[in-house]
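First the structure, in the form of structure tokens, and then the observations on it.
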Amino acid sequence: MIPWLTRTNWFPPVETALIEPNGLLAAGGDLSAERLLSAYRRGIFPWYSPGEPLLWWSPDPRMVLFPEEVRISRSLNRILKSPNYEIRLDSAFAKVIEACAAPREDGGGTWISAEMQTAYRRLHQLGYAHSVETWIDLEGQGTLVGGLYGVAIGRVFYGESMFSRLSNASKIGLAHLCRFLERRGFVVIDCQMNTAHLASLGAREIPRQDFVAGLGRWTGEGNDGADSASNGAGRWPLDAANDLFRKLP
């Protein structure tokens with residue numbers, strides 16, 4: 001049995017999460033900004049399908065991507081150096097999360113409900129949730145073709161979802177996110193669950209206890225070497241990640 005959360009009680013220790021299904025910790029509660037931020041700082045995230053109660057997870061091991069370990073293939077590297085795209089930050093957060101929530105071409109459903117979209121738009125308004133967007137010029141008009149969104153706390157970026165309408169569009173966004181985060185002193189990107197796609201991009205599993213212990217140091221906004229002026233809550237500069245691969249370091 002897992003505990004049922006109310007609006008007044010919070011999360012149990014992550015060590016009490018189930019082994020099967022891996023990481024299921026609790027149910028219920030709400031998606032308030034306060035609860036979401038508390039969850040992320042403890043290594044917990046929400047994930048549930050329509051018709052299910054709100055479920056909270058903390059899997060062991062944890063899939064993470066260290067920004068300096070992102071794997072860029074030769075073909076992707078050529079694309080990154082081309083002038084045919086633009087990277088924008090936080091310019092179209094609502095459009096990115098809507099695109100991530102759209103049904104997939106393989107017919108799979110989406111877990112990003114209207115309730116989840118509302119909650120993360122609120123985190124975006126508060127300066128915690130961010131979008132990384134790949135734009136190209138189609139017929140003389142800038143068009144959003146891929147991107148991702150997630151939550152930044154201290155020196156940790158918690159990735160939530162990505163989408164791509166053109167080949168490699170989300171990979172372009174992820175590559176720029178990694179370089180942008182590395183330059184701002186971020187330590188890790190939380191990828192939550194293991195997938196072959198994430199592993200191909202350089203993500204790897206670490207023990208949950210190591211991840212949670214790290215969060216205690218890394219999520220102190222302005223602490224442990226983090227620059228509170230650059231890594232605290234707030235909108236990211238629109239063009240801060242553009243041209244990171246088209247200019248010399």
Task: Identity of the residue in region 20-58, of a type in the set (A, V, I, L, M, F, W, C), in a loop (DSSP other than H, G, I, E, B) and within 18 Å of the chain's Cα centre (by Cα), that ends up surrounded by the most Cβ atoms within 10 Å (Cβ to Cβ) - done: ILE44
- [ ] Quick one: which residue in HIS124, HIS130 is touching an Asp or Glu at 6+ places or on another chain (Cβ under 6 Å) and either surrounded by fewer than 22 Cβ atoms within 10 Å (Cβ to Cβ) or touching a residue at least 40 places away in the same chain (Cβ under 8 Å) (or both)?
- [x] HIS130
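This table checks each residue for (1) in contact with a Phe, Trp or Tyr (Cβ under 9 Å, 6 or more places away or on another chain); (2) buried (at least 21 other Cβ atoms within 10 Å of the Cβ); (3) part of a strand (DSSP E or B).
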position	(1), (2), (3)
PHE163	no, yes, yes
ILE172	yes, yes, no
GLY185	no, no, no
ILE189	yes, yes, yes
ASN194	no, no, no
GLY202	yes, no, no
GLU205	no, no, yes
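Residues are listed down the side, and each one gets a yes or a no for (1) closer than 21 Å to ALA129 by Cα; (2) of a type in the set (Lys, Arg); (3) modelled with pLDDT under 95:
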{"position": "ILE2", "(1), (2), (3)": "no, no, no"}
{"position": "LEU5", "(1), (2), (3)": "no, no, no"}
{"position": "THR16", "(1), (2), (3)": "no, no, no"}
{"position": "ILE19", "(1), (2), (3)": "no, no, no"}
{"position": "ASP30", "(1), (2), (3)": "yes, no, no"}
{"position": "ALA33", "(1), (2), (3)": "yes, no, no"}
{"position": "TRP47", "(1), (2), (3)": "yes, no, no"}
{"position": "PRO50", "(1), (2), (3)": "no, no, yes"}
{"position": "PRO59", "(1), (2), (3)": "no, no, no"}
Open item on the list: Looking at PHE157, PHE163, can you tell me which residue is in contact with a helix residue (DSSP H, G or I) (Cβ under 7 Å, 6 or more places away or on another chain) and within 12 Å of LEU65 (Cβ to Cβ)?
Closed with: PHE157
Task: Every residue from region 41-65 that is closer than 20 Å to ALA199 by Cβ and aliphatic (A, V, I, L, M) - done: MET63, VAL64, LEU65
Open item on the list: I'd like to know if region 219-232 contains one or more residues that are in the same structural domain as ALA94 (by TED's automatic domain parsing), surrounded by 15 or more Cβ atoms within 10 Å (Cβ to Cβ) and at pLDDT 95 or above.
Closed with: yes
TODO: Enumerate the pairs (first residue in region 140-159 and outside any strand (DSSP E or B); second residue anywhere and at pLDDT below 95) with beta-carbon separation below 7 Å, excluding pairs fewer than 6 apart on the same chain, so at least 6 apart or on different chains.
DONE: GLY154/GLY220; GLY154/GLU221; GLY154/ALA226; GLY154/ASN231; ARG155/ALA226; ARG155/ASN231
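The values are calculated or read from the model by the stated rules, or taken from the named source; none is laboratory data. Everything quoted here is computed from the prediction, not taken from an experiment. Because the Cβ atoms are built from the backbone with ideal geometry, glycine has one as well, and the counts that use them run over all protein chains shown.
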